[in-house]
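Okay, structure first, notes after.
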Amino acid sequence: MMDRLRALINEMQATEHATLDANTREWERAAAFSTFVIWAGSALLLFLIVAAAVMSSRDFREMQTQAWLRAGQNELSVRLQGEQEVGQLGEKIVGFLARYLNAQVGAMYFAGEEGHLSLVGAYAIPAQASDGSDQPHVVGGLTRQAMREKSVLTVSDVPPDYFPVTSGLGGSRPRHLVIAPTSADGVANAVLELGFFRCVSPHDLELLRRVAEPIGIALRTAQYRKKLALLLEETQQQAEELQAQQEELRVSNEELEEQSRALKESAVHLEAQQAELEQTNSQLAMQADALQAQKDNLERAQGELTLHSVELVRANQVKSEFLANMSHELRTPLNSALILAKLLADNTGGNLNAEQVQFAETIYGASTDLLTLINDILDLSKIEAGKIDLHLDKLSLLAMIEQLRRTFDPLAAQKGLLLETSLEDENDDVIVSDGQRLQQVLKNLVSNAVKFTESGTVRLAVDALKSADGVPLVRFRVTDSGVGITPEHHEVIFEAFRQALFAKAGQA
């Protein structure tokens, strides 16, 4: 029994040892596999960490680059603001970009009206690079090619004879060159050249591409602003000349009118003398001896009358010739003002706002009316003879009132006046009249009302009336809040060349 127990125990021990050995080998394999998994996972985790760091670094550098590009664009936009000349803009642009991109030398060339590139800005350019004058000179080569292709050109290994970079301590040669064109609405108008000691990075070129359009638009705007200033100055000068000529014509007309009045008085005086002579002849009919003397006096008086008549005819002829010559001389500057006002009103460059275009159209309409008035001066002889022709046509009262309001609104606003217009029946606003002369009368009335009214309101009203026999009529009323005219002076206003201000307040 004991031997069997010992054998069974030994067998159990052998089985346990075998099981223990098997478990030990299994644990060792599991431990080896766990170690492999741990090291493989660590390696994979390290790789992922490194990849994430690389991607984060690249994204960070991209964000830094974008921020750098936006900062450059914003700072350049600030320098482009304001009313500046092309030379000032060129200096600011090339100076800012050279400092921002760490360039050692730079130049800006602008294409003028004839297409020639001229130097408008320089940064650290040697004195021999420019002749110091403002005259444009021909620039070609890569500069012209970059402008023609509208693309940025880069040049490496710049030759030794290129422009040097100098300072008080010495000098060297740029190693890399960038030529970048600028454009406005797809049309190249300037070229920027920058020289570097270092290699040019892609984000430097990207910045130059982004700022090409704003720079081109700013340069074109400065050029258009200069042209507009010259046109406005020329228009103002011609307007002043026209005003001076009008004043001279007015003075001459007053002098001629005074002479005509004096001649009329002389004619009346001569007629009175002739009547007296006839009475004297009738009284001295029975005196034969005195009759001959009276006849001689009468003949002398008739000779003087004939002489005065000839002088009157000559004066009228001189007046007509003078008016014709002066009207012809006034047409030349007025036609120039019409052309310039039409160019401004067309606004082909699109650089004027709606209010400025309306002002230009008002100037054009007023100049056209003035040209028509000058043409009427040439028909002065017909007017004096009572043979002037009227051109009757259908007129729209609403359109006429609107045109008068647009013409005098700026002048009334300048004096702080309120210009009001009213039409009694806008649905029935067609009349038959001479439009040009009716407008001239209304313009004179409204112009005088605005001119002699210091504050308050000027009003143009159109009323519908009927005559005693039922014929429809139209009444135009121009009223203002000016000083007014006393009743005893009402007849004076119908005299020629008479203007005055009266102290009594009231309506004109």
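The values are calculated or read from the model by the stated rules, or taken from the named source; none is laboratory data. The structure displayed is predicted, hence computed values, not measured ones. FYI the Cβ positions are ideal-geometry reconstructions off the backbone, even for glycines, and counts take in every protein chain you see.
May I ask you to say which residue of Val441, Val430, Val458, Val446 is within 30 Å of Leu371 (Cα to Cα), touching an Asp or Glu at 6+ places or on another chain (Cβ under 8 Å) and outside the structural domain of Val357 (by TED's automatic domain parsing)?
Details: Val441 fails: touching an Asp or Glu at 6+ places or on another chain (Cβ under 8 Å); Val430 fails: touching an Asp or Glu at 6+ places or on another chain (Cβ under 8 Å); Val446 fails: touching an Asp or Glu at 6+ places or on another chain (Cβ under 8 Å).
Of Val441, Val430, Val458, Val446, the one residue that is within 30 Å of Leu371 (Cα to Cα), touching an Asp or Glu at 6+ places or on another chain (Cβ under 8 Å) and outside the structural domain of Val357 (by TED's automatic domain parsing) is Val458.
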Across (1) surrounded by fewer than 18 Cβ atoms within 10 Å (Cβ to Cβ); (2) in contact with a helix residue (DSSP H, G or I) (Cβ under 8 Å, 6 or more places away or on another chain); (3) of a type outside the set (Lys, Arg); (4) under 21 Å from Thr407 (Cα atoms), Asn444 clears everything bar (2)
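Given the residues Leu249, Leu207, which is the only one that is under 30 Å from His308 (Cα atoms) and buried (at least 17 other Cβ atoms within 10 Å of the Cβ)? Explain how you work it out, then say what you get.
Values: Leu207 fails: under 30 Å from His308 (Cα atoms).
Of Leu249, Leu207, the one residue that is under 30 Å from His308 (Cα atoms) and buried (at least 17 other Cβ atoms within 10 Å of the Cβ) is Leu249.
Return the only residue of Val458, Val478, Val446 being within 30 Å of Leu256 (Cβ to Cβ), at pLDDT 80 or above and within 31 Å of the chain's Cα centre (by Cα). Please lay out each step first, then the result.
Values: Val458 fails: within 30 Å of Leu256 (Cβ to Cβ); Val478 fails: within 31 Å of the chain's Cα centre (by Cα).
Matching residue, one of Val458, Val478, Val446: Val446.
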Which residue pairs have Cβ atoms under 6 Å apart, sit 6 or more places apart or on different chains, and have a first residue in the range 185-197 that is under 20 Å from Leu89 (Cα atoms) and a second that is of a type in the set (Val, Ile, Thr) and modelled with pLDDT under 85?
Val191/Thr143
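Among the residues of the range 447-470 satisfying the criterion of being aliphatic (A, V, I, L, M) and over 18 Å from Gln414 (Cα atoms), which is surrounded by the most Cβ atoms within 10 Å (Cβ to Cβ)?
In the first step, residues of the range 447-470 are kept if they are aliphatic (A, V, I, L, M); the result is 449-450, 458, 460-462, 464-465, 468.
When the remaining residues are screened for being over 18 Å from Gln414 (Cα atoms), the result is 460-462, 464-465, 468.
Working: Leu460: 23, Ala461: 15, Val462: 21, Ala464: 15, Leu465: 10, Ala468: 5.
Within the range 447-470, the match that is surrounded by the most Cβ atoms within 10 Å (Cβ to Cβ) is Leu460.
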I'm checking my understanding of the structure. Among residues of the range 400-441 that are surrounded by 14 or more Cβ atoms within 10 Å (Cβ to Cβ) and β-branched (Val, Ile, Thr), which one is farthest from Ser367 (Cα to Cα)?
Ile431
